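The values are calculated or read from the model by the stated rules, or taken from the named source; none is laboratory data. Keep in mind it's a predicted model, so treat the numbers as computed, not measured. Cβ: placed from backbone, ideal geometry, glycine included. Neighbour counts: every protein chain shown. We work out accessible area using only protein heavy atoms, side chains counted, and drop any ligands, DNA or RNA first. Shrake-Rupley method; radii C 1.70, N 1.55, O 1.52, S 1.80 Å.
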Amino acid sequence: MMLSLLRIQAIFFKELTQLKRDRMTFGMVIMIPLVQLMLFGYAINTNIRHIPVGVVDQSQSALSRVLVQTISATQVVKFEQQFQDIKTAEDALKRSEIRAILIIPPDVTKRVARHPSSGFGLPASSDEETSRPIAQWLVDGADTAIAATIKSLRNMPLSELVSVKPANRSTPTFEVTLYYNPEQRTAVNIVPGLIGIILTMTMIMFTSAAIVREREQGNMEMLITTPIRSIEIMLGKIIPYIFIGVVQVVIILGLGYLLFDVPVNGSLLSLLAITLLFIAASLTLGLVISTIAKNQLQSTQMTIFVLLPSILLSGFMFPYEGMPLAAQYIAEAFPATHFMRLIRGVVLKDLEFTDLTFDIYWLGLFTIIGLAVASMRFKKTLG
Amino acid sequence: MNNSSESEYAIQAKGLSKHFGDLKAIDNLDISVEKSRIYGFLGPNGCGKTTAIRMLTGLLTPTSGEIEVLGLRLPQEAEKLRLKIGYMTQRFSLYNDLTVKENLQFISKIYGITGTQQKKRIDELLSIYGLNHKQTQFAGSMSGGQRQRLALAAATLHKPELLFLDEPTSAVDPENRREFWEQLFDLCDQGTSVLVSTHYMDEAERCHKLAILEDGVKRADGTPEELMNNMAAHVIEISAPELRQLKQHLMSLPEVITGSQLGARLRVLIHNTVTDPIGFIMQHSNLTADFVDLVRPSLEDVFVTCTGNSRQ
Ligand SMILES: Nc1ncnc2c1ncn2[C@@H]1O[C@H](COP(=O)(O)OP(=O)(O)OP(=O)(O)O)[C@@H](O)[C@H]1O
Ligand SMILES: [Mg+2]
């Protein structure tokens, strides 16, 4: 028992020393969370603004100019070009200079007057001729996010346009109260999720190379003639990365709080508990890969093969509920999916880890099975 | 009472075979290695030396055959054997990005040697193998010979009863090689049994006993003297002009095993079915007896005679 601990400790310190000397890897441990946090926090935003668009104004009236200004004021689009005819505008759309074209028809003044939302066209809706929309958008529908954003302009109120208080401003059917992220800031959802993504990436990547590297460099032949046991090699190799994982979590949550005001509502104890569990699960997944791959190229390929679905299906970017049932089952198998629920629960909703027992059990089970499979697959022979 | 552990043999293997698909890397090998002796595997590249050693250390499961090492049956009792053997792999297998001392400390801990005991043993090894002033150098930046000494230090750190060395001196100059062998004899005097593989004749000649391997088959074994005395050929040296033509002529005769030119001399191996080799040469070359000598065979001659039949 004492000897066993000593051997685990020997591998542990060896691994740590090698890591310390490997500047590149060491730098990546810090740079990956930093860069990702910046990218997701600043660059990637699901609230789309300032979409470049063009306008074909066939009416050239005072009202059409006010209409353009009113739409600009929403900041959703930015009018960058004026076109004489639809043909040239479509060419610009094709060249991606603009993402949409607003066509204002010659009779726009009449249409606004008859439009129900402007409030004095009643009773016009019965008349097909006069209840038409006031203008038309031609949209580059290739990017669904941009298309959806422009679609949201469909029901823009026209009250400002005609500066009359609308008579029939409808009361909403539902009142909606937003919990946990009332201001709807993307960062609040992204930052905790990012912990899951980064830990998945680095933990699986590091350990998947761990055993393969020793085999490739010939160290394994020496190691397996010594009295060390498989499980001792496995444990000694993953423990240093647990510390690295914790360092990364601290970086993400710390900067998330400083730069993006993402609060940590839950207890730190819960946070530590679920993070350690998830790190352990990811590490054993990497170890299993490491015992299957024959060389480092293979281990990298297998890592990516596991990484992509595990990140895409985790619910980080696309809500779990929106996925087809089959994808949901696959997602359930990956530790990242469970961690995503856990971390958002603890960080944003002030849950204790004891409130999320199913996900906890799954991660625990995954770790134990992973470690057992890795130790069994790793035979202390060459063939 | 386990009789076999009292046995005079460190290694005994019978009918040992290892097949990789169709390739018979080791074919029906029998060997016995006595305790406190240096036993050599001599053979060309790819003859199966490494494969044989891997089976004898329990790293590779034989296709068939029986192995007993230090009284333990392999591969079943491989784990029990680990503390008793040291293995220096053909390829350097310590960590290039650790220093000499860190490597030795790592190995010590793996074998459960700690504290002052560890310090004492490492200091001892550093001075035996002349690595004192290299302690803080990275293993990866050392010369071939230094790395070899470090590997030997690591393999002997836990004072194993039996040491396996796979081509230990392939990157070492003759001077250092001699020193390396001095150290092996020291270990041997202290009671360690050694199995060493090589493709150098001078190295093989230093072994107490050796086996000549070719294509996974043992062609001959015994002490170097036995092998040389029992050789199935005569060795003739000829000093004469136009040796190249003479060589070609002689090689075409069925009684001649091989001929090789050494500067101004031609060394010819003739089958011992020929009773008068000097007369035989004179008859086939118009040379007088002054130019032809019968000489003592070397280990290389033994090697060529044993392995020559199946190759050019
Ligand atoms: N894992 C393996 N799979 C398939 N063939 C193998 C394997 N290991 C060895 N061989 C083959 O077995 C034969 C013997 O190889 P081995 O490495 O034992 O030779 P060796 O005597 O150690 O050669 P060298 O002097 O070059 O080290 C070679 O033909 C080699 O290609
Ligand atoms: Mg070899």
Residue check for A:Ile11: of a type in the set (Val, Ile, Thr), buried (at least 17 other Cβ atoms within 10 Å of the Cβ), within 14 Å of chain B (Cβ to nearest Cβ) and in contact (Cβ under 8 Å) with a residue 40 or more places away in the chain
yes
Spot the failing condition for B:Gln76; the list is (1) away from ligand 1 (no atom under 12 Å from the Cβ); (2) in contact (Cβ under 8 Å) with a residue 12 or more places away in the chain, and only one is missed.
(2)
I'd like the residue in segment B:98-115 that is of a type in the set (Val, Ile, Thr) and part of a helix (DSSP H, G or I) and, out of all such residues, is nearest to the other protein chains (Cβ to nearest Cβ).
B:Ile110
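Quick one: how many residues across segment A:52-67 are of a type in the set (A, V, I, L, M, F, W, C) and either assigned to a loop (DSSP other than H, G, I, E, B) or modelled with pLDDT of 90 or more (or both)? Full working, then the answer.
Residues of segment A:52-67 of a type in the set (A, V, I, L, M, F, W, C): A:53, A:55-56, A:62-63, A:66-67.
Next, only the ones that are either assigned to a loop (DSSP other than H, G, I, E, B) or modelled with pLDDT of 90 or more (or both) stay: A:53, A:55-56.
Matching residues across segment A:52-67 total 3.
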Output the residues belonging to segment B:133-172 that are small (Gly, Ala, Ser), more than 16 Å from ligand 1 (Cβ to nearest atom) and in a loop (DSSP other than H, G, I, E, B).
B:Ser143
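Grab the helices (runs of 4 or more DSSP H) fully contained in segment A:299-383, keeping just those with 3 or more residues being more than 16 Å from ligand 1 (Cβ to nearest atom) and closer than 30 Å to B:Ala52 by Cα.
Result: A:357-377.
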Looking only at segment B:123-149, which residues are without any contact (Cβ under 8 Å) to a residue 24 or more places away in the chain and open to solvent by less than 40 Å² (accessible area, probe 1.4 Å)?
B:Gly130, B:Gln146
Look at B:Ser193 and say whether it is modelled with pLDDT of 85 or more, assigned by TED's automatic domain parsing to the domain that holds B:Ile270 and either within 16 Å of ligand 1 (Cβ to nearest atom) or among the hydroxyl-bearing types (Ser, Thr, Tyr) (or both).
no
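Go through segment B:280-309 and report how many residues are free of Cβ contacts under 8 Å to residues at least 24 places away in the same chain and aliphatic (A, V, I, L, M). Before you say what the answer is, go through the steps one by one.
From segment B:280-309, those free of Cβ contacts under 8 Å to residues at least 24 places away in the same chain are B:282-283, B:286, B:288-290, B:309; that's our starting set.
Then keep just the ones that are aliphatic (A, V, I, L, M); that gives B:282, B:289.
Qualifying residue count for the region: 2.
Among the helices (runs of 4 or more DSSP H) confined wholly to segment A:185-289, which include 2 or more residues that are away from chain B (no Cβ under 14 Å) and open to solvent by less than 10 Å² (accessible area, probe 1.4 Å)? Even if it seems obvious, please write down each step before you answer.
Working: elements: A:186-216, A:219-223, A:230-260.
The qualifying helices (runs of 4 or more DSSP H) are A:186-216, A:230-260.
Go through the residues of segment A:369-379 one by one and say whether even a single one is within 14 Å of chain B (Cβ to nearest Cβ), open to solvent by less than 70 Å² (accessible area, probe 1.4 Å) and within 16 Å of ligand 2 (Cβ to nearest atom). Please lay out each step first, then the result.
Taking segment A:369-379 first, the residues within 14 Å of chain B (Cβ to nearest Cβ) are A:378-379.
Within this subset, residues satisfying the condition of being open to solvent by less than 70 Å² (accessible area, probe 1.4 Å) are A:378.
Restricting the remaining residues to those that are within 16 Å of ligand 2 (Cβ to nearest atom) gives none.
Among the residues of segment A:369-379, not one is within 14 Å of chain B (Cβ to nearest Cβ), open to solvent by less than 70 Å² (accessible area, probe 1.4 Å) and within 16 Å of ligand 2 (Cβ to nearest atom), which makes the answer no.
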Kindly provide the set of residues from segment B:173-197 that are away from ligand 2 (no atom under 16 Å from the Cβ), closer than 18 Å to B:Gln90 by Cα, open to solvent by less than 20 Å² (accessible area, probe 1.4 Å) and not in a helix (DSSP H, G or I), ordered by number.
B:Val194
Output the residues belonging to segment A:53-77 that are under 34 Å from the mean Cα position of the chain (by Cα), surrounded by fewer than 17 Cβ atoms within 10 Å (Cβ to Cβ) and not polar (S, T, N, Q).
A:Ala73
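Name the helices (runs of 4 or more DSSP H) wholly inside segment B:231-311 in which the number of residues that are open to solvent by 70 Å² or more (accessible area, probe 1.4 Å) is 3 or more. Show your work before the answer.
On the way: elements: B:243-251, B:277-285, B:299-308.
Because the criterion is at least 3 residues that are open to solvent by 70 Å² or more (accessible area, probe 1.4 Å), the helices (runs of 4 or more DSSP H) in segment B:231-311 that meet it are B:243-251.
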Flag for B:Leu59 being among the aliphatic types (A, V, I, L, M), closer than 16 Å to A:Ile224 by Cα, within 23 Å of the chain's Cα centre (by Cα) and assigned by TED's automatic domain parsing to the domain that holds B:Val196
yes
Of all residues being more than 10 Å from the chain's Cα centre (by Cα) and open to solvent by 10 Å² or more (accessible area, probe 1.4 Å) in segment B:203-216, which is modelled with the lowest pLDDT? Just the residue, please.
B:Asp215
Of all residues in segment A:310-352, which are among the acidic types (Asp, Glu), open to solvent by 50 Å² or more (accessible area, probe 1.4 Å) and closer than 22 Å to A:Leu365 by Cα?
A:Glu352
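Please tell me if A:Leu3 is open to solvent by 70 Å² or more (accessible area, probe 1.4 Å), in contact with a Gly (Cβ under 7 Å, 6 or more places away or on another chain) and not basic (Lys, Arg).
Numbers: open to solvent by 70 Å² or more (accessible area, probe 1.4 Å): yes; in contact with a Gly (Cβ under 7 Å, 6 or more places away or on another chain): yes; not basic (Lys, Arg): yes.
It is true that A:Leu3 is open to solvent by 70 Å² or more (accessible area, probe 1.4 Å), in contact with a Gly (Cβ under 7 Å, 6 or more places away or on another chain) and not basic (Lys, Arg).
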